[in-house]
1. Which of (1) outside any helix (DSSP H, G or I); (2) under 21 Å from residue 13 (Cβ atoms); (3) out of contact with any helix residue (DSSP H, G or I) (no Cβ under 8 Å at 6 or more places or on another chain) is the odd one out, the single condition residue 53 does not satisfy?
2. For segment 84-104, give me each residue that is part of a helix (DSSP H, G or I) and over 16 Å from residue 28 (Cβ atoms).
3. Can you name the condition, by its number, that residue 120 falls short on among (1) assigned to a loop (DSSP other than H, G, I, E, B); (2) at pLDDT below 90?
4. Taking the options 100, 87, 143, name whichever one is within 14 Å of the chain's Cα centre (by Cα) and either at pLDDT 90 or above or surrounded by 11 or more Cβ atoms within 10 Å (Cβ to Cβ) (or both).
5. Identify, by number, the condition in (1) within 16 Å of residue 95 (Cα to Cα); (2) in contact with a helix residue (DSSP H, G or I) (Cβ under 6 Å, 6 or more places away or on another chain); (3) at pLDDT 80 or above that residue 3 doesn't meet.
6. Provide a single number: the residues in segment 71-83 that are surrounded by 19 or more Cβ atoms within 10 Å (Cβ to Cβ) and part of a helix (DSSP H, G or I).
């Protein structure tokens, strides 16, 4: 596993950030048959992994992080706020499990970052002047293109 998993009070915890841990019991894995490479063996094994995580009901995530996570997940999240991550890049189930968990952790890490609040500012005097100079220059170019009748 690429992420630290610690045993705390009979629960396995997955480290997301230094101050945020995810309870492994909140994850639900189902194994399905994968499409793609695998030869004759592909018809007999369920190597693809569907990882489900209920972000809205999670006890591990703060409410604001959960909402940002659902927004970031896009169509990977259901109406109820359950994230579904399907991993089938590899031919083996353990590699696909690790891949799905890695992608979930990366998504949660992105959700923990708050976007800076954008404050509207007025354009500077110099930028207004440049804009007007460009407009007048453009107007002169267009004026030169107009045909003048011969007297």
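The values are calculated or read from the model by the stated rules, or taken from the named source; none is laboratory data. All figures in this text were calculated on a predicted structure; none of them were measured in a lab. With ideal geometry, Cβ positions are generated from the backbone for all residues, glycine too; neighbour counts draw on all protein chains shown.
1. Of everything listed in (1) outside any helix (DSSP H, G or I); (2) under 21 Å from residue 13 (Cβ atoms); (3) out of contact with any helix residue (DSSP H, G or I) (no Cβ under 8 Å at 6 or more places or on another chain), residue 53 misses just condition (3).
2. Scanning segment 84-104 gives 94, 95, 98, 99, 102.
3. Looking at each condition in turn, residue 120 falls short on (2).
4. Checking each option against the conditions leaves just 100.
5. Here residue 3 clears every test but (3).
6. 1
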